[in-house]
Every structure is written in C-alpha cells, then in structure tokens.
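These notes are about the structure you will find just below.
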Amino acid sequence: MSQQQYALEKLQKIQTRIREAALSSGRRADSIRLVGACKKQNPQRVAAFVEAGLTDLGENYLQEGIAKQAALSAIRPHDQASATRKTSWHFIGQIQSNKTKLIAQYFSWVHGVDRLKIAARLAAHNPHSHPIKLLIQLNLDHEESKGGVLPAAAAELADQISQQLSSTDNETGGAQLHGFMAIPMAKDSEREQCATFAIARELLETSNQRYGLQLSELSMGMSGDLAAAIAEGATMVRIGTDLFGART
Ligand SMILES: *Cc1c(COP(=O)(O)O)cnc(C)c1O
C-alpha cells in the first residue's frame, strides 16, 4: 500500500469513529477537531496525512516539532488543494518556561499551560499578529508525576489567566485562553473514562458561570478513550497511534 493510500484509510477510519461517537451522544461531528499527535512519526508519513486532509498536528517536543515543520514544508504535495491548505500546529507537551519564545513562534495552540507565568510569557513572546490560543492542563487523577493543575484550583487559575491576558497590552497578538486539556490515567472501563472526563466538562461550566468566562474548548481523548471523551464534550481529540500507526 502506498503512504498516500495508508494515510487516507487511517484518516477515514478515525473520522468514522469520531462521527459515530458524536452521533451517539447527540453531537455534531464537525464540533470536534482531530489533532494528529505526531511525535516520533516520520515526516514523510505525516505529510501523507496532511495531503489526505488532516489539518491539525500536535507535537510534544519542541526541537522535534520545529524540525518536522521544516521537513513538512519542504515536501511538495501532489495536489494543489493540500498545497494551499494551512496546517495548525499544537504544542501538547510539557512547557519549560525558557522555551516559551520558540513555542510562541512555532505553534498556534498550546495545550499544557498550568501556571500564570507561562501564559504571560507566551503572550509577551508571541511574534504574530493573531493571539496564541491557550488551554490549561488539568491533572484529573491527582498524579504526582504529571503536570497540570488540580481540579480544585482550575477555575480560579482560568480566571487569573484570562484577567491577566486581557489586561496586558501586547505589541503583537498576545494570547487568549480557550479552555482545558487533560491526559487522564488509563482506566478499566468506558464508564470510568467518562466519569473522569466529566470532571473536565464540569470545570469548564463552573469556570464560565463563576467567573463569567467564555471557555469553549476541551482537549481530551486519545487512541484508547476517544469515544468516552466525545461523550463528555471533547472539542479536540489528540490521536497518535490509531491514526499514524506505531511510533518509531
Ligand atoms: C502521544 C500523545 C497523544 C496520542 O496518544 P495515542 O495514545 O498514541 O493516541 C495525545 N496527547 C498527548 C499529550 C500525547 O503525548
């Protein structure tokens, strides 16, 4: 099978899973954005997916992401439509505060914000005229080893970040907070997956009601828990293995 055919089939398969999960929870499939989590994937393969119609790519590691963006822009697509379509890059890894300048330069979305300082630095360093879009990472399972803010502190941090971002005048586009992101622990059943994702959905509602925010994005759901995440309101799913195949 050619790379092209492989990409088309895999992409359609995931889109079907997204559509079915959306339908069974009474949602529109086009309210869910597919982000291809392409860490440790070969750029040629990723390029084939972009040509097949994938518009959003997520990367965990800054240097790998920058290298992949360069590699992809050097690969000449076969058809005109994909040559003119723009790819949105999402930074989905852990953020070190000394890397905010490069992250702001190379990524449109940043999913792993967990401190006011990181949000402020991304806004200040954004060299583009459009706001960089931020999501606060939630630590839903209270895992010591993982980044993210605990549920009890999430709404208040959302309010602090929103206030800070809207009150600071940046020379360029600054940043805007759009919602939450979560990477829960693996669970034994879809029921347990749903119970965890529901916490994120409730936190979004609480933040909006309590602080008058207008957060609308929930980045949650990976290869193993995509359906549960969509049932609980995911607006972005980040899929690696089930889209691109096993990582190298
Ligand atoms: C790798 C990764 C994914 C995708 O995981 P798969 O299980 O391969 O679908 C999603 N989100 C983050 C933050 C990741 O690091």
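Residues are listed down the side, and each one gets a yes or a no for (1) more than 27 Å from residue 21 (Cα to Cα); (2) modelled with pLDDT of 95 or more; (3) among the small types (Gly, Ala, Ser):
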residue	(1), (2), (3)
120	yes, yes, yes
136	no, yes, no
144	yes, no, no
151	no, yes, no
159	yes, yes, no
162	yes, yes, yes
182	no, yes, yes
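Of all residues in the stretch 51-63, how many are over 12 Å from residue 10 (Cα atoms) and more than 16 Å from the ligand (Cβ to nearest atom)? Walk me through it before giving the result.
Our first condition is that a residue be over 12 Å from residue 10 (Cα atoms); within the stretch 51-63, this holds for 51, 55-63.
Next, only the ones that are more than 16 Å from the ligand (Cβ to nearest atom) stay: 51, 55.
The qualifying residues number 2.
Name the residues in the stretch 212-229 that are of a type in the set (S, T, N, Q), within 13 Å of the ligand (Cβ to nearest atom) and surrounded by fewer than 24 Cβ atoms within 10 Å (Cβ to Cβ), would you?
If we filter the stretch 212-229 for residues that are of a type in the set (S, T, N, Q), which is where we start, we get 214, 216, 219, 223.
Add one more test, that the residue is within 13 Å of the ligand (Cβ to nearest atom), and what stays is 219, 223.
Correct list: 223 only.
Answer yes or no: is there a residue in the stretch 48-67 that is more than 30 Å from residue 97 (Cα to Cα), out of contact with any Cys (no Cβ under 6 Å at 6 or more places or on another chain) and part of a loop (DSSP other than H, G, I, E, B).
yes
Among the residues of the stretch 81-95, which ones are more than 20 Å from residue 238 (Cβ to Cβ) and of a type in the set (A, V, I, L, M)?
Selection gives 81, 83.
For residue 31, only one of the following conditions fails: (1) small (Gly, Ala, Ser); (2) touching a Leu at 6+ places or on another chain (Cβ under 9 Å); (3) within 25 Å of residue 183 (Cβ to Cβ). What is its number?
Looking at each condition in turn, residue 31 falls short on (2).
Kindly check whether there is at least one residue in the stretch 29-37 that is more than 21 Å from residue 92 (Cα to Cα), of a type outside the set (Phe, Trp, Tyr) and either at pLDDT below 95 or loosely packed, with under 13 Cβ neighbours inside 10 Å (or both).
Pass one, the stretch 29-37, residues more than 21 Å from residue 92 (Cα to Cα): 29-30.
After this cut, where a residue has to be of a type outside the set (Phe, Trp, Tyr) as well, the list is 29-30.
Narrowing the set further to residues that are either at pLDDT below 95 or loosely packed, with under 13 Cβ neighbours inside 10 Å (or both) leaves 30.
Checked against the condition, which is being more than 21 Å from residue 92 (Cα to Cα), of a type outside the set (Phe, Trp, Tyr) and either at pLDDT below 95 or loosely packed, with under 13 Cβ neighbours inside 10 Å (or both), the stretch 29-37 yields at least one hit.
Scanning the stretch 230-248 for residues that are away from the ligand (no atom under 11 Å from the Cβ) and at pLDDT 95 or above, which turns out nearest to residue 199 (Cα to Cα)? Write out each step before concluding.
Step one: of the stretch 230-248, the residues away from the ligand (no atom under 11 Å from the Cβ) are 230-235, 248.
Subsequent filtering for residues that are at pLDDT 95 or above retains 230-235.
Working: 230: 13, 231: 13, 232: 9, 233: 11, 234: 12, 235: 15 Å.
For the stretch 230-248, the residue satisfying everything is 232.
The values are calculated or read from the model by the stated rules, or taken from the named source; none is laboratory data. As the structure is a prediction and not an experimental result, all values here were calculated from the model. Cβ coordinates were reconstructed from backbone atoms using ideal geometry, including for glycine residues, and neighbour counts include every protein chain displayed.
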